[in-house]
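Heads up, the thing below is written out as structure tokens.
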Amino acid sequence: MHNCIFCKILTGEIPTLKVYEDTHAIAFLDVNPVSKGHTLVIPKTHYETLSLMPETEFLSYMATVHKVVKGLMKYTDGVNVLQNNGKDAGQLVPHVHFHIIPRRPGDGLKIGEWHVHHDPDLDKVQMVIKSLLKE
Ligand code: AMP
Ligand code: ZN
């Protein structure tokens, strides 16, 4: 058993406000919501990052993410879907999760605010990433 907060939510060891469950994933409210209705969707099997998930499990997990997005799009007219992989990307809980964040007009949330990084090496970057995707 992993010493993992989200695995403990799955076993019921840590209480949570569950909003949806199916055979391979659950959705529950984030304890520190950035907006009303901020929901997390997690796979029932522990994987630290998306890159470690087998494709078939990823695809069934994505079906649940899609279901929750559709539900929350009836709650508000817009949602952001975010997913962090690795500490460098801001991942705090090392169990795969998608954030579904309901948005409202004028809510002022600064999600996805980024500053353009002018890259003189775009061609080289293309070559490196292309070759990594061939592996
Ligand atoms: P991340 O930075 O993507 O790893 O986000 C982790 C998220 O998990 C944060 O938004 C936390 O508020 C949330 N979180 C941590 N512990 C719990 C918990 N016990 N129940 C619900 N959400 C949690
Ligand atoms: Zn876990």
key: Karplus-derived 3J(HN,Hα), 6.51/-1.76/1.60, for each residue of the stretch 123-133, Hz, glycine and proline x   = 5, 5, 4, 4, 4, 5, 5, 4, 6, 5, 7
request  = Could you run the Karplus curve 6.51 cos²θ - 1.76 cosθ + 1.60 with θ = phi - 60° over the stretch 73-85 and give me ³J(HN,Hα) per residue in whole Hz, x for Gly and Pro?
outcome  = 6, 8, 7, 9, 7, x, 9, 9, 10, 10, 8, 9, 10
message = Could you identify which residue out of 42, 14, 100 has the top mean-square fluctuation in a GNM of the chain using Cα springs shorter than 10 Å?
response = 14
ask   = In nm, what is the difference between 0.36 nm times the number of residues separating residue 118 and residue 133 and their Cα-Cα distance?
value = 3.1 nm
Cα centroid of the stretch 90-111 to Cα centroid of the stretch 1-66, whole Å = 14 Å
ask   = Could you give the length gained on full extension between residue 70 and residue 17, defined as 0.36 nm per residue of separation minus the Cα-Cα distance, in nm?
value = 17.2 nm
remark   = Set 110/130; 8/44; 67/87; 36/110; 36/70; 70/110, cut-off 20 Å on Cα-Cα distance; pairs above it are 110/130; 67/87; 70/110
Using θ = phi - 60° and Karplus 6.51 cos²θ - 1.76 cosθ + 1.60, couplings along the stretch 40-54 (whole Hz; Gly, Pro as x) = 10, 10, 10, x, 6, 9, 6, 9, 6, 9, 4, 5, 8, 7, x
Long-range amide H partners of residue 103 with built H, under 5 Å = 78, 79, 80
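Taking 0.36 nm per residue of separation and subtracting the Cα-Cα distance, what length does fully extending residue 125 through residue 81 add? Don't jump to the answer; show the numbers that get you there.
Numbers: separation 44, 0.36 × 44 = 15.84 nm, distance 2.62 nm.
Contour length minus the Cα-Cα distance gives 13.2 nm.
Bear in mind these aren't lab numbers, they're just calculated from the coordinates by the rules spelled out. What you see is a predicted model, and the numbers here were worked out from it, not measured in a lab.
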